[in-house]
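Comments concern the structure below.
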Amino acid sequence: MSELDETLREFLIEGHESLGQIEQLMLSMENDATRADAVSGCFRLLHSIKGACGFLGLRHLEELSHAAESLLASIRSGEITAGTSHINWLLQAVDGLKKLLALIETDGSDNAGAATVSQILANRSSYSQQAEPVKAPSTVPMRITAEIAHIHPNPPSGTSIKHDDIPAGASMLAEATVRIGVEVIDRLMALASELVLARNRIMQASDQIEDAGYQAATRQLNLVTSELQEVVMRTRMQPIANVWSKLPRMVRDLSRQIGKQCRLDLEGGETELDKTLLEAIKAPLTHLARNSVDHGIELPSIRMGLGKPAEGKIVLRASHEAGQVTIEMSDDGRGIDTDRIRAKVLSQRLATSDDLARLSDSQIMQYVFMPGFSTADRVTEISGRGVGMDVVKNSIESLGGSIDLSSTLGTGAVVRLRLPLTLAIIKALIVSAGNSAVALPQAGIVELMRLEGERRTRALTHVGDAVYLRFRSELLPLIDLAKTMGIPCSQESDTDAFSVVVVHAENRQFALRVNKILDSQEIVVKPLPSLLKGIPAYSGITLLGDGAIALIVDPVGVARLAGLQGRRNQAIRDDSKTPELTKNTRPLLLVETTRNRMQAIPLESVDRLEVFPVNRLEHTDDTPVVQYRGGILPLYDTSGHPGCPFDAERWTSGTVSVVVHQTPHGLKGLVVARIVDTVIESVEETGGITIIRGSVTQIVVPETWLAGVPQ
Amino acid sequence: MTETTSRICTFRVNGLLLGLKVSDVQEVVKSQHITPVPLAPPIVLGLVNLRGLVLPAVNLKWRIGLQSTENDCGIHVVLRHGTELISLPVDSIEDVVTLDNHRRANPPENLHLSLRDACAAAWDLGNQLLLELDPERLIRQRDSENT
């Protein structure tokens, strides 16, 4: 490839990026024409495009960007106050510039672009003559010609960027970054993953070699490899703004098309995600934005009647949260009408009215995600979150993420997506099924159980050929992983112990039977070879520490193979009723106190559960303590008065069970005799007494119970 | 300008002399443990770990309609296919031969259908026939399976 080709290619990549940014800035000008930073931002970006055109000999591109730049210069200097028609023309010009870039990409020059440019230049009359309804106080008559000076000599106050600053700022940016092809990064990533595996094997082997120098070198290798992997991972991370920069324009155009007024605000565009994830969420995000405009936001006249501003507002917000990325799209439209969903569910006979009566509004909304529910006639009318929501949900879930919908009728809806940061490394359980070891992604796993002896007999219910697991108050279908996948296994007897993995996926729970849970580790996900693509049971391959190959099993795929279909009524309800999570109920940890009374602690206040040997207890003036996670954990006894210290001298057992509670002043430990279970019950905010499972139970809210404790 | 000779990497399966263009072969490796893949199509024998890369091992004998024999000597020909690598377990590895292109002929009409389908050409070596495999067709499912 010649030198010029390379330069031109770089220019094109940069040009496309700049135009994306320009578009976004212009839309923000539309909302607030006086936004000096937006105007100068556009100006600066256009200016550098124009500058590059000069030495690349792109005449038409130069002419058009010059014209747009001139208009921006006049806006910046205050000669013109920008109105919708100005922005419209500027957007036209941006489209024209895009067309020219596409032309250059195919032809290598913009010679064929003369007609496009002259037409757009001719369209300038559309704004220059027109009196504009503008948001700023007055319109200054303007003239726009190619001769207008680029920069007004005295920028009005508020324009912070001077022309002189432009080249310096631009070149600094260029020096700090290097463009690298994606395939190079992918290769780096693959090599780093291989290095990790080699490292793991060396670490295993090094246990047998007792040489201090060798041991030190292995440790060094270990550290450097981990860091290298992290850095390479980071190179794959890109700000989410790259994906959603096109959305405001789409929302603007779409809403105009259907006679609505909508604005899309973006927050947290700097939030970074793995490149592959970014690509994968592009379509779902577009879909959600379209849905909001099409069905969520009402027509301006209706909105005015409801006392809402005529312009609908959609907010797209991204942030990092607990090792995950949260993306939230909220609108102030009409919201989701659960009564209409109920009616639709009944008319499609998806559930009986008895079933529906038991469901909370948020559970009713889950029907929106059902395939078929959305494609039926006029379902889009139901608050409009119908079309293809099942597709959105599936694509988010296939990325290991979750989607969640909430709405208040009349005031809007919120869709919340939670995604992992990267797909390349995931947490997984290594389990044995038959004579194979497979990996199960940890996302979606609710609980692990070992069933043996009498416990096994009690937990299992046979219905014909099918086996159900009694789990909490529900019966979950139990899928034998080895049998379903056809993994050969030795003959088993009815009393063999086995492990169960309870999985929550696609709005239902089911249980997977495995022989044994071997390990939990972070695994590097490798894609399936194309010969194995299309087997729903697998989502990838990984290599274990000893170099053995393990298949990554997709529990949803296995469930399908086992014949679990549909997403409703998968769990047969046990006779005892299941209270649902509503405003007044919450999950509680049921414990027995040191004085053999029952207490319940809200699960959200429980940080961890620990057991300490009594000889680890140390004593201070008022409270016994243990050293815990590099700090001091004071121990209290909830069977006493609020804030009562634990009386270790009276304690006869060799260990203490402790509920660890996080306070703003550090961790506190609540000693209990034993942990009984978790339940869902309604509780008062502050505590009180209730009946759980037939026993009088005191609700202990650590926040209030510990309130009197000195910090 | 076309080459006048071809370099073919040759190997044997059930006594049959087969070959692949040297340019399609990445390497020949020994003693690869094959991890079986439940639910895999019959053409996939399993997966092998080649220095941290996971490759599918293709069941060559099944693909070209030969009897499966328990003579796993653990020699694999690693085949380049696009950006992917594919492992091909064989009974024994022979040699790399350079052959004049005028000796290249179409595979004989009377070959077993699934074998003929996987062949790109036949080379007359004087005392025996070398069947050159077509990597692209080789990793497709057997045609008889599709009908």
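The values are calculated or read from the model by the stated rules, or taken from the named source; none is laboratory data. If you're wondering where the values come from, they're calculated on a predicted model, not measured in any experiment. Because the Cβ atoms are built from the backbone with ideal geometry, glycine has one as well, and the counts that use them run over all protein chains shown. The area values use the complete protein model at the heavy-atom level, side chains included, leaving out ligands, DNA and RNA. Shrake-Rupley method; radii C 1.70, N 1.55, O 1.52, S 1.80 Å.
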By residue number, the members of segment A:193-232 that are open to solvent by less than 60 Å² (accessible area, probe 1.4 Å), within 14 Å of chain B (Cβ to nearest Cβ) and in contact with a Ser or Thr (Cβ under 8 Å, 6 or more places away or on another chain) are A:196, A:199, A:229
Looking at B:22, B:37, can you tell me which residue is modelled with pLDDT of 90 or more and open to solvent by 20 Å² or more (accessible area, probe 1.4 Å)?
B:22
Among the residues of segment A:186-228, count how many are under 30 Å from the mean Cα position of the chain (by Cα) and free of Cβ contacts under 8 Å to residues at least 60 places away in the same chain.
14
Quick one: in segment A:458-488, of everything that is in a helix (DSSP H, G or I) and over 33 Å from the mean Cα position of the chain (by Cα), which residue is farthest from the other protein chains (Cβ to nearest Cβ)?
A:458
Can you tell me which residue is nearest to residue A:18 (Cα to Cα) among those in segment A:60-111 that are acidic (Asp, Glu) and part of a loop (DSSP other than H, G, I, E, B)?
A:110
Filtered residues of segment A:29-59 (kept if within 33 Å of the chain's Cα centre (by Cα) and open to solvent by 40 Å² or more (accessible area, probe 1.4 Å)):
A:31, A:32, A:35, A:37
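Take residue A:433 and tell me if it is within 14 Å of chain B (Cβ to nearest Cβ), in contact with a Ser or Thr (Cβ under 8 Å, 6 or more places away or on another chain) and farther than 20 Å from residue A:321 by Cα. Can you show your working first?
Values: within 14 Å of chain B (Cβ to nearest Cβ): yes; in contact with a Ser or Thr (Cβ under 8 Å, 6 or more places away or on another chain): no; farther than 20 Å from residue A:321 by Cα: yes.
Here the answer is no, as residue A:433 does not meet what is asked.
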Filtering segment A:291-312 for residues that are surrounded by 17 or more Cβ atoms within 10 Å (Cβ to Cβ) and without any contact (Cβ under 8 Å) to a residue 60 or more places away in the chain leaves a count of 7
Residue A:563: passes all of (1) more than 8 Å from chain B (Cβ to nearest Cβ); (2) outside any loop (DSSP other than H, G, I, E, B) but (2)
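Kindly indicate whether any position in segment B:87-102 is within 13 Å of chain A (Cβ to nearest Cβ), within 23 Å of residue A:553 (Cβ to Cβ) and either touching a residue at least 12 places away in the same chain (Cβ under 8 Å) or of a type in the set (Ser, Thr, Tyr) (or both). Spell out how you get there, then give the answer.
To start, the set of residues in segment B:87-102 that are within 13 Å of chain A (Cβ to nearest Cβ) comprises B:87-88.
Remaining after also requiring within 23 Å of residue A:553 (Cβ to Cβ): B:87.
From what is left, the residues that are either touching a residue at least 12 places away in the same chain (Cβ under 8 Å) or of a type in the set (Ser, Thr, Tyr) (or both) are B:87.
Taking every residue of segment B:87-102 in turn, at least one turns out to be within 13 Å of chain A (Cβ to nearest Cβ), within 23 Å of residue A:553 (Cβ to Cβ) and either touching a residue at least 12 places away in the same chain (Cβ under 8 Å) or of a type in the set (Ser, Thr, Tyr) (or both).
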Answer yes or no as to whether residue A:389 is crowded, with 17+ Cβ neighbours inside 10 Å, within 27 Å of the chain's Cα centre (by Cα) and at pLDDT below 75.
no
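Considering only residues of segment B:1-19 that are more than 16 Å from the chain's Cα centre (by Cα) and open to solvent by 50 Å² or more (accessible area, probe 1.4 Å), which is nearest to the other protein chains (Cβ to nearest Cβ)?
Here is the first cut: in segment B:1-19, the ones more than 16 Å from the chain's Cα centre (by Cα) are B:1-6.
After this cut, where a residue has to be open to solvent by 50 Å² or more (accessible area, probe 1.4 Å) as well, the list is B:1-5.
Working: B:1: 24, B:2: 26, B:3: 26, B:4: 31, B:5: 32 Å.
Applying the filter and picking the extreme gives B:1.
Among residues belonging to segment B:40-59 that are open to solvent by 40 Å² or more (accessible area, probe 1.4 Å) and in a strand (DSSP E or B), point out the one that is nearest to the other protein chains (Cβ to nearest Cβ). Outline the logic, then answer.
Quick first cut of segment B:40-59, residues open to solvent by 40 Å² or more (accessible area, probe 1.4 Å) only: B:42, B:45, B:51, B:53.
With in a strand (DSSP E or B) added as a condition, the list becomes B:45, B:53.
On the way: B:45: 10, B:53: 7 Å.
Ranking the candidates gives B:53 first.
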How many of the residues in segment A:525-545 are in a strand (DSSP E or B) and open to solvent by less than 20 Å² (accessible area, probe 1.4 Å)?
5
